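A quick write-up on the structure given underneath.
The values are calculated or read from the model by the stated rules, or taken from the named source; none is laboratory data. Predicted model only: the values in this text are computed from it and were never measured. Cβ: placed from backbone, ideal geometry, glycine included. Neighbour counts: every protein chain shown. Ligands, DNA and RNA are stripped out before the accessible areas are found, and what is left, the full protein with its side chains, is counted by its heavy atoms. Shrake-Rupley method; radii C 1.70, N 1.55, O 1.52, S 1.80 Å.
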Amino acid sequence: MPAEASTLIDMVNTLGVNVVTLLAAFYYIQWITKSHRDERTKADEMHKEERLAWMAKDSDSDAALRSIMADSNKILGDLKSVLTEQTTLLRQIVLDQKK
């Protein structure tokens, strides 16, 4: 008989079936808990890396959007100036026509 089997049989004879079963269950629960904790830690690290990549991508997109908005605001400001000048000229032409 292998040494491990005789050790197990000696434990059962000395401690009893219930105590050996409880010890085996305790060991199994500890093993599962550690395995789950290791898997969770690995998944959290992967999620953190993915989240940081998305945040960097969002920052780049936000910068591009701000640039587009600034250009759009400048163009609209220029358009407002041109329209104001044209309106003033048209008003002047209309007033000159009325005279």
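Sort through 82, 94, 20 and tell me the only one that's in contact with a helix residue (DSSP H, G or I) (Cβ under 7 Å, 6 or more places away or on another chain) and β-branched (Val, Ile, Thr).
None of the other options fit; the residue is 20.
Of the residues that make up the stretch 13-31, is at least one assigned to a loop (DSSP other than H, G, I, E, B), surrounded by fewer than 10 Cβ atoms within 10 Å (Cβ to Cβ) and modelled with pLDDT under 90?
Filtering the stretch 13-31 down to residues assigned to a loop (DSSP other than H, G, I, E, B) leaves 16.
Remaining after also requiring surrounded by fewer than 10 Cβ atoms within 10 Å (Cβ to Cβ): none.
No - not one qualifying residue is present in the stretch 13-31.
Checked against (1) open to solvent by less than 70 Å² (accessible area, probe 1.4 Å); (2) over 30 Å from residue 8 (Cβ atoms), residue 42 passes all but condition (1).
May I ask you to verify whether residue 9 is out of contact with any Phe, Trp or Tyr (no Cβ under 6 Å at 6 or more places or on another chain) and at pLDDT 95 or above? Judged against the criteria, residue 9 is not a match.
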